[in-house]
1. Identify the single condition in (1) open to solvent by less than 20 Å² (accessible area, probe 1.4 Å); (2) assigned to a loop (DSSP other than H, G, I, E, B); (3) at pLDDT 95 or above that Asn175 does not satisfy, given that it satisfies every other one.
2. Take the stretch 53-70 and flag every residue that is surrounded by 15 or more Cβ atoms within 10 Å (Cβ to Cβ) and either within 17 Å of the chain's Cα centre (by Cα) or within 24 Å of Gln151 (Cα to Cα) (or both).
3. What is the one condition in (1) in contact with a Pro (Cβ under 6 Å, 6 or more places away or on another chain); (2) more than 21 Å from Ser142 (Cβ to Cβ) that Ile79 does not satisfy?
4. Please go through the stretch 203-253 and pick out each residue that is among the aromatic types (Phe, Trp, Tyr), under 25 Å from Arg74 (Cβ atoms) and assigned to a loop (DSSP other than H, G, I, E, B).
5. Any residue in the stretch 137-149 that is touching a residue at least 40 places away in the same chain (Cβ under 8 Å) sitting within a Cβ distance under 8 Å of a residue that is among the polar types (S, T, N, Q) and part of a helix (DSSP H, G or I)? List the pairs, counting only those 6 or more apart or interchain.
6. Could you please find all residues in the stretch 254-268 being open to solvent by 10 Å² or more (accessible area, probe 1.4 Å) and in a loop (DSSP other than H, G, I, E, B)?
7. Suppose we filter Ile101, Ile86, Ile93, Ile79 for residues that are out of contact with any Ser or Thr (no Cβ under 8 Å at 6 or more places or on another chain) and either touching a residue at least 40 places away in the same chain (Cβ under 8 Å) or surrounded by fewer than 15 Cβ atoms within 10 Å (Cβ to Cβ) (or both); which single one remains?
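The values are calculated or read from the model by the stated rules, or taken from the named source; none is laboratory data. Here the structure is a predicted model, which is why all the values come from computation and not from measurement. So basically every Cβ, Gly included, is an ideal-geometry build from the backbone, and we count neighbours across all protein chains shown. Side chains included, ligands, DNA and RNA excluded: accessible areas come from the protein's heavy atoms. Shrake-Rupley method; radii C 1.70, N 1.55, O 1.52, S 1.80 Å.
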Amino acid sequence: MKSSNRNDIVLKASFGGQTRDIDGTRYSSSGGYATAISKQFILEKGVVGVRYSSDFSKSEYAIAETIEELEQFRTSKYIQAEKGGIYQTIRNIKRKKILFIGLPCEVSALYNYWGRNTDNLYSISLVCHGPTTPKVQNLFASKLKENNNSQIKYFSVRYKESGWKPYYIYADFENGKHHQELFKGSSYEIAFQYLKRPSCSSCRYKLGDQEFGLVSDLTLGDFHAVEKNMLQYSPWGVSQASVQSEKGEYLIDLARRQCNVEFIPEKYITKYNYAFHHPVAQKTGRESFKRILLREGLDCAAKSLLVQIPTCYINAKRRIISFLYNVKLYLISK
(Lines give C-alpha, C1' and ligand atoms only; values in the text may rest on other atoms or scores of the structure.)
Protein backbone atom coordinates (compact mmCIF):
# COMPACT_ATOMS: atom_id res chain seq x y z
CA MET A 1 0.00 0.00 0.00
CA LYS A 2 1.31 3.40 -0.99
CA SER A 3 0.02 6.87 -0.13
CA SER A 4 -1.15 8.98 -3.07
CA ASN A 5 0.39 12.08 -1.42
CA ARG A 6 -2.78 14.07 -2.11
CA ASN A 7 -2.44 16.29 0.94
CA ASP A 8 -5.15 18.71 -0.22
CA ILE A 9 -7.91 16.10 0.03
CA VAL A 10 -10.32 16.67 2.90
CA LEU A 11 -14.03 15.96 3.32
CA LYS A 12 -15.78 19.27 2.65
CA ALA A 13 -19.47 18.34 2.51
CA SER A 14 -21.76 15.45 1.65
CA PHE A 15 -24.94 15.28 -0.41
CA GLY A 16 -27.59 12.72 -1.25
CA GLY A 17 -30.32 12.11 -3.79
CA GLN A 18 -31.04 10.42 -7.10
CA THR A 19 -31.59 11.15 -10.77
CA ARG A 20 -34.80 12.97 -11.68
CA ASP A 21 -35.34 10.30 -14.32
CA ILE A 22 -36.80 7.35 -12.39
CA ASP A 23 -35.40 4.81 -14.88
CA GLY A 24 -31.94 6.30 -14.36
CA THR A 25 -32.30 5.54 -10.66
CA ARG A 26 -33.98 2.17 -11.10
CA TYR A 27 -31.25 0.73 -13.31
CA SER A 28 -28.39 2.04 -11.16
CA SER A 29 -27.09 0.48 -7.96
CA SER A 30 -28.21 3.34 -5.73
CA GLY A 31 -29.34 6.78 -6.91
CA GLY A 32 -27.57 7.03 -10.26
CA TYR A 33 -25.09 9.81 -9.41
CA ALA A 34 -22.11 8.13 -11.11
CA THR A 35 -23.92 7.77 -14.43
CA ALA A 36 -25.43 11.27 -14.26
CA ILE A 37 -22.04 12.88 -13.58
CA SER A 38 -20.40 10.79 -16.30
CA LYS A 39 -23.03 11.79 -18.88
CA GLN A 40 -22.27 15.46 -18.27
CA PHE A 41 -18.49 14.98 -18.11
CA ILE A 42 -18.32 12.98 -21.33
CA LEU A 43 -19.77 15.76 -23.49
CA GLU A 44 -16.27 17.16 -23.99
CA LYS A 45 -14.01 14.65 -22.23
CA GLY A 46 -13.49 10.93 -21.51
CA VAL A 47 -14.65 8.70 -18.65
CA VAL A 48 -12.89 5.61 -17.31
CA GLY A 49 -14.96 2.99 -15.49
CA VAL A 50 -15.55 -0.74 -15.07
CA ARG A 51 -17.68 -2.90 -17.36
CA TYR A 52 -18.31 -6.63 -17.67
CA SER A 53 -16.50 -8.48 -20.44
CA SER A 54 -18.62 -9.47 -23.45
CA ASP A 55 -19.18 -12.98 -22.03
CA PHE A 56 -19.74 -11.69 -18.45
CA SER A 57 -16.96 -13.91 -17.10
CA LYS A 58 -15.01 -10.99 -15.61
CA SER A 59 -14.95 -7.20 -15.24
CA GLU A 60 -12.46 -4.81 -16.82
CA TYR A 61 -11.52 -1.15 -16.98
CA ALA A 62 -12.30 0.72 -20.18
CA ILE A 63 -12.54 4.26 -21.55
CA ALA A 64 -15.94 5.53 -22.69
CA GLU A 65 -16.25 8.40 -25.12
CA THR A 66 -19.99 8.16 -25.88
CA ILE A 67 -23.20 8.02 -23.84
CA GLU A 68 -23.86 4.53 -25.21
CA GLU A 69 -20.48 3.26 -23.97
CA LEU A 70 -21.19 4.72 -20.52
CA GLU A 71 -24.15 2.38 -20.06
CA GLN A 72 -21.74 -0.54 -19.66
CA PHE A 73 -20.34 1.10 -16.51
CA ARG A 74 -23.75 1.32 -14.83
CA THR A 75 -24.39 -0.78 -11.65
CA SER A 76 -21.93 -2.33 -9.19
CA LYS A 77 -19.41 -5.03 -9.99
CA TYR A 78 -18.34 -6.87 -6.82
CA ILE A 79 -15.21 -8.46 -8.31
CA GLN A 80 -11.65 -7.25 -8.84
CA ALA A 81 -11.50 -5.61 -12.26
CA GLU A 82 -8.72 -6.27 -14.77
CA LYS A 83 -6.63 -3.16 -15.42
CA GLY A 84 -5.41 -4.17 -18.88
CA GLY A 85 -2.87 -1.35 -19.10
CA ILE A 86 -5.50 1.30 -18.34
CA TYR A 87 -3.11 3.48 -16.30
CA GLN A 88 -0.64 3.72 -19.19
CA THR A 89 -3.47 4.40 -21.64
CA ILE A 90 -4.76 7.27 -19.49
CA ARG A 91 -1.29 8.78 -19.03
CA ASN A 92 -0.75 8.75 -22.78
CA ILE A 93 -3.76 11.02 -23.30
CA LYS A 94 -2.93 13.64 -20.65
CA ARG A 95 -3.95 16.40 -23.03
CA LYS A 96 -7.58 15.36 -22.58
CA LYS A 97 -9.61 15.66 -19.39
CA ILE A 98 -10.37 12.26 -17.89
CA LEU A 99 -12.77 11.20 -15.14
CA PHE A 100 -11.59 7.99 -13.44
CA ILE A 101 -14.13 6.00 -11.41
CA GLY A 102 -12.80 3.13 -9.31
CA LEU A 103 -11.92 1.77 -5.89
CA PRO A 104 -9.84 3.99 -3.56
CA CYS A 105 -6.67 1.91 -3.92
CA GLU A 106 -6.99 2.01 -7.71
CA VAL A 107 -7.48 5.78 -7.65
CA SER A 108 -4.36 6.12 -5.49
CA ALA A 109 -2.39 3.89 -7.88
CA LEU A 110 -3.42 6.09 -10.79
CA TYR A 111 -2.19 9.27 -9.07
CA ASN A 112 1.12 7.62 -8.22
CA TYR A 113 1.53 6.43 -11.81
CA TRP A 114 0.31 9.64 -13.44
CA GLY A 115 2.98 11.93 -11.99
CA ARG A 116 2.91 15.52 -10.76
CA ASN A 117 0.68 17.34 -13.25
CA THR A 118 -2.86 16.13 -12.61
CA ASP A 119 -4.75 19.17 -13.91
CA ASN A 120 -6.67 17.09 -16.43
CA LEU A 121 -7.44 14.20 -14.06
CA TYR A 122 -10.71 14.02 -12.10
CA SER A 123 -11.48 11.10 -9.79
CA ILE A 124 -14.40 9.37 -8.11
CA SER A 125 -13.81 6.56 -5.63
CA LEU A 126 -16.51 4.16 -4.46
CA VAL A 127 -17.19 3.25 -0.84
CA CYS A 128 -15.40 -0.10 -0.83
CA HIS A 129 -16.10 -3.27 1.16
CA GLY A 130 -13.33 -5.11 -0.68
CA PRO A 131 -13.95 -6.91 -4.01
CA THR A 132 -13.96 -10.67 -4.38
CA THR A 133 -11.88 -12.70 -6.84
CA PRO A 134 -12.84 -12.68 -10.55
CA LYS A 135 -13.09 -16.48 -10.33
CA VAL A 136 -16.41 -16.08 -8.47
CA GLN A 137 -17.93 -14.21 -11.43
CA ASN A 138 -16.47 -16.73 -13.85
CA LEU A 139 -17.88 -19.74 -11.99
CA PHE A 140 -21.26 -18.14 -11.34
CA ALA A 141 -21.71 -16.99 -14.95
CA SER A 142 -20.59 -20.36 -16.32
CA LYS A 143 -23.18 -22.16 -14.19
CA LEU A 144 -25.93 -19.79 -15.35
CA LYS A 145 -25.02 -20.40 -19.00
CA GLU A 146 -25.00 -24.15 -18.43
CA ASN A 147 -28.34 -24.20 -16.60
CA ASN A 148 -30.05 -22.04 -19.21
CA ASN A 149 -28.25 -23.42 -22.28
CA SER A 150 -27.57 -19.92 -23.55
CA GLN A 151 -25.16 -17.01 -23.47
CA ILE A 152 -25.80 -14.09 -21.11
CA LYS A 153 -26.72 -10.72 -22.62
CA TYR A 154 -27.31 -8.78 -19.36
CA PHE A 155 -26.15 -9.38 -15.78
CA SER A 156 -26.40 -7.48 -12.48
CA VAL A 157 -25.82 -8.22 -8.80
CA ARG A 158 -27.80 -5.10 -7.80
CA TYR A 159 -31.06 -5.59 -9.71
CA LYS A 160 -34.08 -3.76 -8.30
CA GLU A 161 -37.30 -5.76 -8.53
CA SER A 162 -39.70 -3.42 -6.76
CA GLY A 163 -37.38 -1.01 -4.97
CA TRP A 164 -33.87 -0.26 -3.79
CA LYS A 165 -33.67 -3.18 -1.36
CA PRO A 166 -33.32 -6.12 -1.21
CA TYR A 167 -30.74 -6.61 -3.95
CA TYR A 168 -31.26 -9.30 -6.58
CA ILE A 169 -28.97 -11.12 -8.98
CA TYR A 170 -30.54 -10.92 -12.42
CA ALA A 171 -29.57 -12.21 -15.84
CA ASP A 172 -31.10 -12.09 -19.32
CA PHE A 173 -30.16 -14.77 -21.83
CA GLU A 174 -29.97 -14.72 -25.61
CA ASN A 175 -32.61 -17.48 -25.84
CA GLY A 176 -35.14 -15.27 -24.01
CA LYS A 177 -34.81 -16.90 -20.59
CA HIS A 178 -34.28 -14.97 -17.34
CA HIS A 179 -32.69 -15.74 -13.99
CA GLN A 180 -33.42 -13.95 -10.72
CA GLU A 181 -32.48 -14.71 -7.11
CA LEU A 182 -31.86 -12.80 -3.92
CA PHE A 183 -28.27 -11.66 -3.62
CA LYS A 184 -28.35 -12.16 0.15
CA GLY A 185 -27.64 -15.81 0.89
CA SER A 186 -26.66 -16.66 -2.68
CA SER A 187 -23.40 -18.45 -3.44
CA TYR A 188 -22.18 -15.19 -5.00
CA GLU A 189 -22.89 -13.16 -1.85
CA ILE A 190 -21.28 -15.75 0.42
CA ALA A 191 -18.14 -15.78 -1.73
CA PHE A 192 -18.13 -11.98 -1.74
CA GLN A 193 -18.08 -12.05 2.07
CA TYR A 194 -15.44 -14.77 2.44
CA LEU A 195 -13.10 -14.36 -0.51
CA LYS A 196 -11.86 -10.77 -0.44
CA ARG A 197 -8.19 -9.98 -0.93
CA PRO A 198 -6.30 -10.33 2.40
CA SER A 199 -4.97 -6.76 2.05
CA CYS A 200 -8.52 -5.38 2.06
CA SER A 201 -8.89 -6.17 5.77
CA SER A 202 -6.11 -3.67 6.54
CA CYS A 203 -7.05 -1.02 3.95
CA ARG A 204 -6.14 2.53 5.01
CA TYR A 205 -7.90 4.45 2.24
CA LYS A 206 -10.61 5.35 4.71
CA LEU A 207 -12.09 8.52 6.19
CA GLY A 208 -10.04 9.56 9.22
CA ASP A 209 -6.74 7.90 8.29
CA GLN A 210 -4.18 10.70 8.58
CA GLU A 211 -1.55 9.26 6.21
CA PHE A 212 -3.65 7.56 3.50
CA GLY A 213 -7.31 8.50 4.00
CA LEU A 214 -9.48 9.79 1.17
CA VAL A 215 -7.74 10.02 -2.20
CA SER A 216 -10.35 11.08 -4.76
CA ASP A 217 -12.13 14.31 -5.62
CA LEU A 218 -15.50 12.72 -4.84
CA THR A 219 -16.57 9.55 -3.00
CA LEU A 220 -19.82 7.82 -3.98
CA GLY A 221 -21.81 5.14 -2.22
CA ASP A 222 -25.27 4.26 -0.93
CA PHE A 223 -26.95 6.61 1.54
CA HIS A 224 -28.01 3.77 3.82
CA ALA A 225 -28.91 6.12 6.68
CA VAL A 226 -31.65 7.86 4.70
CA GLU A 227 -35.12 7.91 6.24
CA LYS A 228 -38.44 8.11 4.43
CA ASN A 229 -39.17 11.62 5.68
CA MET A 230 -35.87 13.03 4.33
CA LEU A 231 -35.58 15.12 1.17
CA GLN A 232 -33.00 12.68 -0.26
CA TYR A 233 -35.31 9.65 -0.05
CA SER A 234 -36.55 7.62 -2.99
CA PRO A 235 -37.86 4.03 -2.82
CA TRP A 236 -35.70 3.22 -5.85
CA GLY A 237 -32.36 4.22 -4.30
CA VAL A 238 -30.32 7.06 -2.87
CA SER A 239 -26.71 7.99 -3.63
CA GLN A 240 -24.34 9.52 -1.08
CA ALA A 241 -21.64 11.83 -2.45
CA SER A 242 -18.82 13.28 -0.36
CA VAL A 243 -16.97 16.26 -1.86
CA GLN A 244 -13.24 16.28 -1.09
CA SER A 245 -11.68 18.91 -3.38
CA GLU A 246 -12.47 21.79 -5.73
CA LYS A 247 -12.75 19.29 -8.57
CA GLY A 248 -15.20 17.36 -6.40
CA GLU A 249 -17.31 20.51 -6.15
CA TYR A 250 -17.29 20.71 -9.94
CA LEU A 251 -18.39 17.06 -10.21
CA ILE A 252 -21.30 17.50 -7.77
CA ASP A 253 -22.35 20.57 -9.79
CA LEU A 254 -22.54 18.29 -12.83
CA ALA A 255 -24.81 15.96 -10.84
CA ARG A 256 -27.17 18.85 -10.08
CA ARG A 257 -28.01 19.14 -13.78
CA GLN A 258 -29.78 15.77 -13.74
CA CYS A 259 -30.22 14.86 -10.07
CA ASN A 260 -31.81 15.88 -6.81
CA VAL A 261 -28.85 16.92 -4.65
CA GLU A 262 -29.58 17.61 -0.98
CA PHE A 263 -27.09 18.33 1.82
CA ILE A 264 -26.45 15.48 4.30
CA PRO A 265 -25.68 16.51 7.90
CA GLU A 266 -22.36 15.19 9.19
CA LYS A 267 -23.93 12.77 11.69
CA TYR A 268 -25.44 10.72 8.82
CA ILE A 269 -22.32 10.44 6.66
CA THR A 270 -20.89 7.29 8.26
CA LYS A 271 -24.06 5.87 9.83
CA TYR A 272 -24.66 2.43 8.24
CA ASN A 273 -21.69 3.08 5.92
CA TYR A 274 -19.00 1.34 7.96
CA ALA A 275 -16.74 0.70 4.97
CA PHE A 276 -16.38 4.45 4.36
CA HIS A 277 -14.31 4.83 7.53
CA HIS A 278 -13.11 1.30 8.44
CA PRO A 279 -11.83 -1.75 6.53
CA VAL A 280 -14.03 -4.84 6.55
CA ALA A 281 -12.54 -7.60 8.71
CA GLN A 282 -11.45 -10.81 7.04
CA LYS A 283 -13.80 -13.75 7.62
CA THR A 284 -12.49 -16.63 9.73
CA GLY A 285 -12.04 -19.61 7.46
CA ARG A 286 -11.17 -17.68 4.31
CA GLU A 287 -8.43 -20.08 3.24
CA SER A 288 -10.62 -23.13 3.87
CA PHE A 289 -13.40 -21.58 1.82
CA LYS A 290 -10.91 -20.88 -0.98
CA ARG A 291 -9.66 -24.50 -0.97
CA ILE A 292 -13.19 -25.89 -1.22
CA LEU A 293 -14.06 -23.46 -4.01
CA LEU A 294 -11.00 -24.40 -6.07
CA ARG A 295 -11.46 -28.12 -5.44
CA GLU A 296 -15.24 -28.57 -5.58
CA GLY A 297 -16.70 -25.37 -7.01
CA LEU A 298 -18.63 -22.31 -5.87
CA ASP A 299 -21.85 -24.04 -4.81
CA CYS A 300 -20.05 -26.58 -2.63
CA ALA A 301 -18.00 -23.86 -0.96
CA ALA A 302 -21.12 -21.80 -0.24
CA LYS A 303 -22.95 -24.82 1.22
CA SER A 304 -20.03 -26.05 3.32
CA LEU A 305 -20.31 -26.36 7.10
CA LEU A 306 -17.69 -23.64 7.27
CA VAL A 307 -20.38 -21.19 6.11
CA GLN A 308 -23.56 -22.85 7.34
CA ILE A 309 -22.60 -23.09 11.03
CA PRO A 310 -21.85 -19.34 11.48
CA THR A 311 -24.96 -18.49 9.45
CA CYS A 312 -27.17 -20.77 11.56
CA TYR A 313 -25.68 -19.24 14.70
CA ILE A 314 -26.42 -15.72 13.51
CA ASN A 315 -29.99 -16.62 12.48
CA ALA A 316 -30.63 -18.33 15.82
CA LYS A 317 -29.27 -15.31 17.69
CA ARG A 318 -31.59 -13.01 15.73
CA ARG A 319 -34.61 -15.21 16.49
CA ILE A 320 -33.79 -15.22 20.20
CA ILE A 321 -33.40 -11.43 20.28
CA SER A 322 -36.69 -11.02 18.41
CA PHE A 323 -38.43 -13.40 20.80
CA LEU A 324 -37.13 -11.59 23.89
CA TYR A 325 -38.16 -8.25 22.41
CA ASN A 326 -41.70 -9.52 21.78
CA VAL A 327 -41.87 -10.89 25.35
CA LYS A 328 -40.79 -7.48 26.64
CA LEU A 329 -43.54 -5.76 24.64
CA TYR A 330 -46.08 -8.26 25.95
CA LEU A 331 -45.08 -7.69 29.57
CA ILE A 332 -45.18 -3.92 29.13
CA SER A 333 -48.69 -4.15 27.68
CA LYS A 334 -49.79 -5.99 30.80
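1. Result: Asn175 fails condition (1) only.
2. Ser53, Phe56, Ser57, Lys58, Ser59, Glu60, Tyr61, Ala62, Glu69, Leu70
3. Every listed condition holds for Ile79 apart from (2).
4. Tyr205, Phe223, Tyr233, Trp236, listed by residue number.
5. Phe140/Ser187
6. Arg257, Gln258, Asn260, Val261, Pro265
7. After ruling out the rest, the residue left standing is Ile93.
Listed here are the residues, each with its yes/no results for (1) surrounded by fewer than 15 Cβ atoms within 10 Å (Cβ to Cβ); (2) farther than 30 Å from Ile252 by Cβ; (3) in contact with a helix residue (DSSP H, G or I) (Cβ under 7 Å, 6 or more places away or on another chain).
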site: Leu110; (1), (2), (3): no, no, yes
site: His129; (1), (2), (3): no, no, yes
site: Ala171; (1), (2), (3): no, yes, yes
site: Cys200; (1), (2), (3): no, no, no
